[in-house]
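Worksheet for the structure shown next.
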Amino acid sequence: MDSATHMLRTGRRGALFQLQMALRDLQNSFARIGLAWSLATHDVGSRYRGSVLGPFWITLSMGLMVLGIGFLYASLFNLALDQFLPYVALGIVFFGVMTGIINEGCDTFVHAASMLSQTSLPMFTFVWRVVFRNLINLAHHLVIVVGMLAFYGQWKVANVPLALLGIFLMLLNASWASLLAGIASARFRDIPQIVISVMQFAIFMTPVFWLPDRFGKHQVFLDFNPFYHLLQSVRAPLLGQTVSGHSYVVLVTMAVVGWLVTFLVFARTRRRIVHYL
Amino acid sequence: MTKASITVSDLTIRFPVYGADAKSLKKALARAVSVGGALGRHAGVTDVTALANVNLQLKAGDRLGLIGHNGSGKTTLLRALSGAYEPDEGTIDVHGRIAALLDLSLGIDSTATGYENIRLRGRIAGLSTREIDERMDEIAEFTGLGPFLSMPVKTYSAGMQGRLAFAAATALEADVLLMDEWIAVGDAEFQKLAHKRLLKLVERAGILVLATHEAPLLKLYCNKVMKLEGGVASEVMDIRRLDELLAG
């Protein structure tokens, strides 16, 4: 089912043609961006249907986790609560957005199998669906982030623009990883387990629950952790710290190279994805 | 409204069918290492030619019945007409809004209510939220499901799901309706309603492509018929020659 009144499909081959079709898919997904939003709101709504708090369960469970981990690690490492709680809240919330987009990316096409096999809907619509779904979750978590910062008197509106830039860079990078995971998972069914393990490993290797300066002379290794730069670009501005220019270079390079590679893979596999399912 | 038409020329569709082994990265890697072959090729992947050089021309008002054994390519042709499968060779040119009823579960979330599912389907079909609201009463009435529409779809019987899907899909003023087999869902009363809807579609100069094994249905709805055999299509014939085709 589609709103278009004309559909022309040819068996033309060639890399250039496939690239063109991939671009058209992207364009069409933007033209119908409202559909991705509808699917995302439906997803979130249906997950919490019938519960008293509705989607605010997301907020509640995240709040409890932040408090639990915050108090535990603060006492384990002997840290000041007013420093550590906002730090760990921001870390868990924003790392969660990345993990969500990338892990759920694995199901992008697998879950849409019945829609993809009888419509000409753009593939990218389902990528944006995953991104939007996680943005809606983030919106519920913002209460915790803002509340925690305000409680400790660290909330400054002036910090917001730079943090928004960080969120944008994070989404830009997470979305290509999500699409790549989606294509790979459609083709190979053991990819999701690998992705989930990698993301689980990453959350412990990245300064989410611990402070980077505790790392001592090993801090240089953080430079090789892409998740560190991703997280830092959002967390540091909100805590009133500066983000190093080096981080931005890494993030922009990663976005450009990542999207180039992913888009080429997409162009090459686009017409096959429906057969993988 | 655009005049509905379908033009298919020299359509060939091949696709790889992946066996369980081919879907495992671990096994594909192990094979590549031990045999030294390319990743993901050969073992477990079979290339199937689902349609070979199919030609088809339909104009407004045509109702084509597709017949053929299981695996003869009927569903593949319908999926290709819906835009889901792209040709390997040849072209498909469809004018008009397409509504495909190939799989009851399209956009159907079994934990969501009937109303929510109608909404979801409408959005997929390209309607705005307001357009859906405007049509909701009509669609709800047509399903005949009454209070059940506020219950989760997972509590529905197959017949009720069929009603919901059919009502939602045909309420969209599609010009080209693609249906696979299951038109026989629902009870006698619903069959009558469905019949009226389909006739209305034909009156609006739409096109119907229906795949089914049941001769009475074909005679009821179609004026043309085409037989598929192993991905090869016969000519499009008048429905009066159906018995000839079935015998052959």
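Data table
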{"read-out": "Of all residues in the range B:145-163 being among the small types (G, A, S) and part of a helix (DSSP H, G or I), the one that is nearest to the other protein chains (Cβ to nearest Cβ)", "value": "B:S150"}
{"read-out": "Filter result (surrounded by 18 or more Cβ atoms within 10 Å (Cβ to Cβ) and over 17 Å from A:A113 (Cα atoms)) within the range B:100-114", "value": "B:A112, B:T113, B:G114"}
{"read-out": "Of all residues in the range A:233-277 being of a type outside the set (V, I, T) and in a loop (DSSP other than H, G, I, E, B), the one that is nearest to the other protein chains (Cβ to nearest Cβ)", "value": "A:L277"}
{"read-out": "Criterion: within 16 Å of A:S38 (Cβ to Cβ) and either at pLDDT below 90 or of a type in the set (S, T, Y) (or both) - qualifying residue of A:T99, A:T119", "value": "A:T119"}
{"read-out": "Pairs with Cβ under 9 Å, 6+ apart, first in the range B:221-248 and closer than 13 Å to B:L64 by Cβ, second in a loop (DSSP other than H, G, I, E, B) and of a type in the set (F, W, Y)", "value": "none"}
{"read-out": "Of all residues in the range B:99-115 being at the interface with chain A (Cβ under 7 Å from one of its Cβ atoms) and out of contact with any strand residue (DSSP E or B) (no Cβ under 8 Å at 6 or more places or on another chain), the one that is modelled with the highest pLDDT", "value": "B:D109"}
{"read-out": "Given (1) in contact with a His (Cβ under 7 Å, 6 or more places away or on another chain); (2) aromatic (F, W, Y); (3) within 14 Å of chain B (Cβ to nearest Cβ), number of the condition A:F56 does not satisfy", "value": "(3)"}
{"read-out": "Strands (runs of 3 or more DSSP E) lying entirely in the range B:38-98 (those with 1 or more residues that are facing chain A (nearest Cβ under 10 Å) and closer than 23 Å to A:G14 by Cα)", "value": "B:45-59, B:89-95"}
{"read-out": "Unmet requirement for B:R197, which otherwise passes all of (1) in contact with a Ser or Thr (Cβ under 7 Å, 6 or more places away or on another chain); (2) surrounded by fewer than 19 Cβ atoms within 10 Å (Cβ to Cβ); (3) closer than 26 Å to A:A40 by Cβ", "value": "(3)"}
{"read-out": "The lone exception for B:R123 - which of (1) under 25 Å from B:P216 (Cα atoms); (2) modelled with pLDDT of 80 or more; (3) surrounded by 17 or more Cβ atoms within 10 Å (Cβ to Cβ) it fails", "value": "(1)"}
{"read-out": "Flag for A:F109 being at negative phi and touching a Ser or Thr at 6+ places or on another chain (Cβ under 8 Å)", "value": "yes"}
{"read-out": "Filtered residues of the range A:22-39 (kept if among the hydrophobic types (A, V, I, L, M, F, W, C) and either over 16 Å from A:R268 (Cβ atoms) or at pLDDT below 90 (or both))", "value": "A:F30, A:A31, A:I33, A:L35, A:A36, A:W37, A:L39"}
{"read-out": "Out of A:S114, A:S75, A:S51, A:S46, sole residue that is surrounded by 15 or more Cβ atoms within 10 Å (Cβ to Cβ) and either touching a residue at least 12 places away in the same chain (Cβ under 8 Å) or over 24 Å from the mean Cα position of the chain (by Cα) (or both)", "value": "A:S114"}
{"read-out": "Listing of helices (runs of 4 or more DSSP H) fully contained in the range A:113-219 that carry 3 or more residues being more than 13 Å from every other protein chain (Cβ to nearest Cβ) and either within 23 Å of A:I58 (Cβ to Cβ) or in contact with a Pro (Cβ under 7 Å, 6 or more places away or on another chain) (or both)", "value": "A:124-151, A:160-187, A:191-205"}
{"read-out": "Test: B:D133 is within 14 Å of chain A (Cβ to nearest Cβ), surrounded by fewer than 18 Cβ atoms within 10 Å (Cβ to Cβ), in contact with a Leu (Cβ under 6 Å, 6 or more places away or on another chain) and not aliphatic (A, V, I, L, M)", "value": "no"}
{"read-out": "Test for A:Y276: is it of a type outside the set (D, E) and surrounded by 17 or more Cβ atoms within 10 Å (Cβ to Cβ)", "value": "yes"}
{"read-out": "Every residue from the range A:233-277 that is more than 25 Å from A:R187 (Cβ to Cβ) and of a type in the set (F, W, Y)", "value": "A:Y248"}
{"read-out": "The listed residue being more than 7 Å from chain A (Cβ to nearest Cβ), assigned to a helix (DSSP H, G or I) and closer than 21 Å to B:I207 by Cβ, out of B:F142, B:F166", "value": "B:F166"}
{"read-out": "Single match in A:A40, A:A36 (criterion: within 11 Å of another protein chain (Cβ to nearest Cβ), of a type outside the set (D, E) and either in a helix (DSSP H, G or I) or buried (at least 17 other Cβ atoms within 10 Å of the Cβ) (or both))", "value": "A:A36"}
{"read-out": "Qualifying positions in the range A:54-72 - more than 19 Å from the chain's Cα centre (by Cα) and not in a helix (DSSP H, G or I)", "value": "A:G54"}
{"read-out": "Tally of residues being assigned to a loop (DSSP other than H, G, I, E, B), of a type outside the set (A, V, I, L, M) and either touching a Cys at 6+ places or on another chain (Cβ under 6 Å) or without any contact (Cβ under 8 Å) to a residue 60 or more places away in the chain (or both) across the range B:169-200", "value": "3"}
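For every residue, the table says whether it meets (1) out of contact with any His (no Cβ under 8 Å at 6 or more places or on another chain); (2) modelled with pLDDT under 90; (3) buried (at least 20 other Cβ atoms within 10 Å of the Cβ).
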site	(1), (2), (3)
A:F221	yes, yes, no
A:L238	yes, no, yes
A:V249	yes, no, no
A:V252	yes, no, no
A:G258	yes, no, no
A:F263	yes, no, no
A:F266	yes, no, yes
A:R272	yes, yes, no
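The values are calculated or read from the model by the stated rules, or taken from the named source; none is laboratory data. What you are looking at is a predicted structure, and each value in this text was computed from that prediction instead of being measured. Note: ideal-geometry Cβ built from the backbone for every residue, glycine included; neighbour counts use all protein chains shown.
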